[in-house]
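Okay, so here's the structure we're looking at.
A short reminder: the numbers here are calculations on the coordinates, not readings from a lab. Computed from a predicted structure; not experimentally measured. Don't worry about glycine lacking a Cβ; one is built from the backbone with ideal geometry, like all the others, and counts go over all protein chains shown.
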Amino acid sequence: MAGLPSLGDLISTLPEGSGWGPPVTSETTLDGVPYAPFSKGDKLGRMADWTDSKDAGRGGRQQYNRNYRDQQVYGAGSASVFAAPVQENDEATFSVVSNVRDTGKTRYGRGAVFTRGRGRGGQQQGRGGSGRQALTRGGRTGGQYDSRGGRGGGRGGARRFGWKDYDKPARNRDASINIKADWKLLEEIDFNRLSKLNLETDEGEDIDSYGFVYPYDRSYDRPLVKGAERKLNVMDRAAYNVTTSADPVIQELAEKEEATIFATDSILSMLMCAPRSVYPWDIVIVRQGNKIFLDKRDNAALDMVSVNENAADQPLDASEGGKDTINQPSALAEEATYINHNFANQVVLEDENSKVDMAHENPFYNPSEETEPPASKGYKYRRFDLSTNEEEPVYLIVRTELDAAQKNATSGDNQFVTVHALNEWDPKAQGAGGALDWRTKLVSQRGAVVATEMKNNSVKLARWTVQSILAKADIMKLGFVSRANPKSNDKHVILGVIGWKPRDFAAQMNLSLSNGWGIVRTIADMIKNREDGRYVLVKDPNKSILRLYEVPQGSFDEDDEELGEAEQVAEE
């Protein structure tokens, strides 16, 4: 082998500029064919790709077909060069004959947008409910599904769409109040911003108390035997829901400069739980000097008890395609409000010798004018410190309500109770939110029943919990009331009652009181920086936004006159 030239010697003998491989050139074409660059790290899924560049820009089939998820478009920018030129004569003589009108719809509906959830396991926070991946259509959360395409908790990874995801009806609700052209928009507050607010405060102090409460009937706590349900009776009792500025006790406390902000527990709880709300509502805010009154209008939306407001697919209104009149949102709200009024009156023992009297009589009941006896209701006026520094103290007084009392089994002291009722209408109807059949599952799967109600009625249960905590109630009783017949909404039966400590229930719902107080203080600060007058805080009917308007004097008086004229015409 001696005498053979080495590899280096052979290379040195080659002409200058030559070497192994194709010659080096700066030209971008090879025999007139353009060169499409590529990366050495590219994973080719197929030998050739003739995808049109305009289809590649939209994502083509890859956006929703899992079979092409690992394949990428290579050379899309140069694909049009390889297309055969179209002859002008052929183009002029070509025409399409079709009587099918192109509506611009895809199989997933017009303008369907698919988004992946963010966070661990592909979770995305829903409307006050549990975090799951959401299908968004036109900016509206249409439903929540897991990675298997079904309803329930997601486990992460790519998800498959349900067969009806693209066919969700568009929800276009009307505002709870007629916003006029002369109203001045001052602020727009997104729910994401509200959810980040925080203000720690004390448990509050009692200022005064009025009214009385009857003892709670403990027999309703026992599990009811199947077939022996108790009928919900109509109880005619005088109950009141007076707005803040019309309350004589609050007027007296305001004159004594006892606080800066005044409200009722119903109005305050709606504001504190605003990020969970879906349906529209409004609060009237009046500033007089250094005092702020949170008021409501007559027959306001927040007076009604909503049903399945936070469900992934809420009950449909008539304009949205709802066919069952009794299962539309407005009808369900009236039914739920009626149930709560009668249920609270039925579960107490009307014994005059056992009732618990407050320090003063009911401030709204007038025996000479009322034909019905007063309902079991105790009013506690409580004060909370919302100050952020000692130089500018800010106090809030709220009128809270208690419904009953019961003896502590250990100490024998009186414990105050708030009473509310959840209602079952038809677990098989549209908008039921996957609710279980209470008659068969309430005893054996009580936790699952309550968890479903927390998901479907998050804002309603949160408001009841906040009201109980504001009143410093010891126990919050939740009744489960169902229709005697799913097709009729005028007869109901009581299936059971469950009691919780309000703060324990708030922990189960992930309800933050400090976040609620932060929202109240933020809104109050917005009003404090304005002049005396009337303002309206409006929840957008279709978006997660609060809007603050400045209202001219006499705006609501005109609305009241128009409403009165309409009622008079209806009576005639």
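In this structure, Glu391 and Leu185 have a Cβ-Cβ separation that, at R0 = 41 Å, corresponds to a calculated FRET efficiency of about 0.80. Just how far, in whole angstrom, is segment 208-276 from segment 509-539 if you go by their alpha carbon centroids? Segment 509-539 and segment 208-276 have Cα centres spaced 22 Å from each other. The mean of 1/r over all pairs of different alpha-carbon atoms in segment 184-571, once inverted, gives a Kirkwood hydrodynamic radius of 22.0 Å. When peptides 456-465, 375-384, 322-331 are sorted by average Cβ neighbour count within 10 Å, with the highest value leading, the order is 456-465, 375-384, 322-331.
At a 10 angstrom cut-off on C-beta neighbours, averaged per residue, how do the peptides 265-275, 518-528 rank from highest to lowest?
Those peptides, ordered most packed to least, come out 265-275, 518-528.
Among His360, His420, His492, His341, a tally of other beta-carbon atoms within 10 Å of each Cβ gives an order, fewest to most, of His360, His341, His420, His492.
Where does each of 501-507, 397-403 land if you order them by average Cβ count within 10 Å, highest first?
So the order, starting with the most tightly packed, is 397-403, 501-507.
If both residues of a DSSP beta bridge must be in segment 368-485, then about 60% of such bridges are antiparallel. For Gly204, what residues show an amide H to amide H distance below 5 Å, using hydrogens built from the backbone and excluding near sequence neighbours? Distant-sequence amide H within range of Gly204: Asp385.
The 3J(HN,Hα) values that the Karplus relation (6.51, -1.76, 1.60; θ = phi - 60°) gives for segment 366-383 are, in residue order, 10, x, 6, 9, 7, 9, 10, x, x, 6, 5, 8, x, 10, 10, 9, 10, 10 Hz. Gly and Pro appear as x. Look at Glu309, Glu352, Glu372 and count the other Cβ atoms within 10 Å of each Cβ; fewest to most, that gives Glu352, Glu372, Glu309.
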